[in-house]
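The values are calculated or read from the model by the stated rules, or taken from the named source; none is laboratory data. Fair warning: this is a prediction, and the values are worked out from it, not measured in the lab. Cβ: placed from backbone, ideal geometry, glycine included. Neighbour counts: every protein chain shown. We work out accessible area using only protein heavy atoms, side chains counted, and drop any ligands, DNA or RNA first. Shrake-Rupley method; radii C 1.70, N 1.55, O 1.52, S 1.80 Å.
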Amino acid sequence: MKNIFTFLFLFVAIGSYAQEEIHFNSSWSEAKEKAIQSKKLIFIDCYTSWCAPCKWMEKNIFIQPAVYKYYNDNFVNLKVDMEKGEGIEMRKKYNVQSFPTYLFVNTAGDVVHRTASKMEAEAFLAEAKRATDPKRNTAALKDKFDKGARDLPFLLDYYLALERADRNTANQISAEIVAKVTEPGLNTELGWKIIKALARTESDKLGAHFMANQQAYNSWSKLEDREQLKDRLITSAMYGLMRTGDEQVFMDKLAYFKKSDKIGRKKQGVMLEAEYYLEKGRTDDYVKLTTAALKNELKDDAEKLSFLARRASGGKIGNDQASPAILQQAYLMAKRAVVLDPEEYSIQSTFGYVCLAMKKKPEALTAAKKSRELANAETSKIQKLAQELLDKVEAL
């Protein structure tokens, strides 16, 4: 009897665990039949086998309780590979150009809401809630726009609905908003929302107004949001300065990050300064900066160290242009990143490529084999890249 209860407990536990994800139906016909019976919309996850963001969403977002509960309660869900079976025709029918694309359709097959790209759980839930709102989904907003609606709150809502799925139309709406909003209008709660969504640099109309009037938005925003916006605007301006070569202005702005008491800003300062020295070919300055960062700001940041190593070494190498000193720094940063996060595919592969460029075969082989192993949990495209790295190292 005890064994029977143990078996039943395990059966229920396994069954409960299996419920903890978005439930996907096997075909359009099955999903349509269930949608007709339940009077729900059909959510279609349009993916491909090689799409890394698709895999990331599946592993990190679809399994979150708030997400799978809302999607399972409010939609009939369908997952379709756009390169196989019925997905080929579906891709043509719905003009799916990027992956992942997410469609919310009615039983007639008409799209009532459309969005796309990798996103966090909060945003993914917001898209689902927009889809179920007959006044705010993309089909409803387009109809209203086509009938002549042009007030600013509506235009902003339409832009936010389009920004992931239809960048061309979203950019047109954005330009219309920027042209229409007045300076007094920017000093309002709606103005803050417009600035947060559409400001791009500290010198454009919206960014310049925010930078000159930051305290005006205290009542409508959190300090964290204002700080993030300020960092984004200044960073954007600094990338522009890298191209124009105005070093004094660049360094003056860099001080905003370097002198901050916030570690996130200090790290961003290192990343910007490193990029500047790399672009200008200032090897000694680059080596000095990154050597210090390895001991201080970035000593525990595997992701940023690996990114710097990729940039310095030329990415997926065969790059003979990187100087020995730069390659050595790339090696040190990539090696530290592997120590910090040895189970991350991109970090192992970066170290493998750096070692390959430096003809350090034993270390390259270890990293390449680990990369190939980690790639098994990734897409077929990633697996192919990992195998290519391993083949190159073995041929060294």
Would you mind checking which residues have amide H under 5 Å from N77's amide H? H placed 1.01 Å from N; only 5 or more apart, or other chain. N25, F43
Please give the calculated 222 nm ellipticity per residue for the chain, where each DSSP H segment of at least 4 residues contributes -39500 (n - 2.57) and the sum is spread over every residue; nearest 500 deg cm²/dmol? -20500 deg cm²/dmol
Cα-centre dipole for region 336-396 with unit charges at Cβ (Lys and Arg positive, Asp and Glu negative), debye to 20: 240
In Å², nearest 10: area of L294 left accessible to a 1.4 Å probe: 40
Calculate the dipole size of the chain relative to its Cα centre from +1 charges on Lys and Arg beta carbons and -1 charges on Asp and Glu beta carbons; express the result in debye to the nearest 20. 180
Work out from phi, with θ = phi - 60° and the Karplus expression 6.51 cos²θ - 1.76 cosθ + 1.60, the ³J(HN,Hα) of each residue of region 65-78, listed in order in whole Hz, and give x for Gly and Pro. x, 4, 6, 5, 5, 5, 5, 5, 6, 10, 9, 9, 9, 9
Kindly state, to the nearest 0.05, the FRET efficiency for S117 paired with D143, given R0 = 35 Å and r defined as their beta-carbon distance. 0.90
At most 13 other Cβ within 10 Å, DSSP loop - trypsin sites (Lys or Arg not before Pro), region 73-128: K84
Summed over the other residues with a beta carbon less than 14 angstrom from that of F99, with K and R at +1 and D and E at -1, the charge totals +4
List the relative contact order of the chain as a percent without decimals, with contacts defined as Cα pairs under 8 Å and 6+ residues apart. 10
What accessible area, in Å² to the nearest ten, does a 1.4 Å probe give for W220? 90
Given a 1.4 Å probe, how much area per residue of the chain is accessible, in Å²? 53
Enumerate the calculated ³J(HN,Hα) couplings along region 136-141 in order (Karplus 6.51 cos²θ - 1.76 cosθ + 1.60, θ = phi - 60°), each rounded to whole Hz, writing x wherever the residue is Gly or Pro. 10, 6, 5, 5, 5, 5
Taking protein heavy atoms only, a 1.4 Å probe, and rounding to whole percent, the accessible area of the chain owed to carbon and sulfur comes out at 53
Using a 4.7 Å Cβ cut-off, which Cys residues in the chain lack a partner cysteine? C46, C355
Note the listed values (1) 1.04; (2) 0.99; (3) 1.17, then indicate which one is Cα Rg over 2.2 N^0.38 Å calculated from this particular structure. (3)
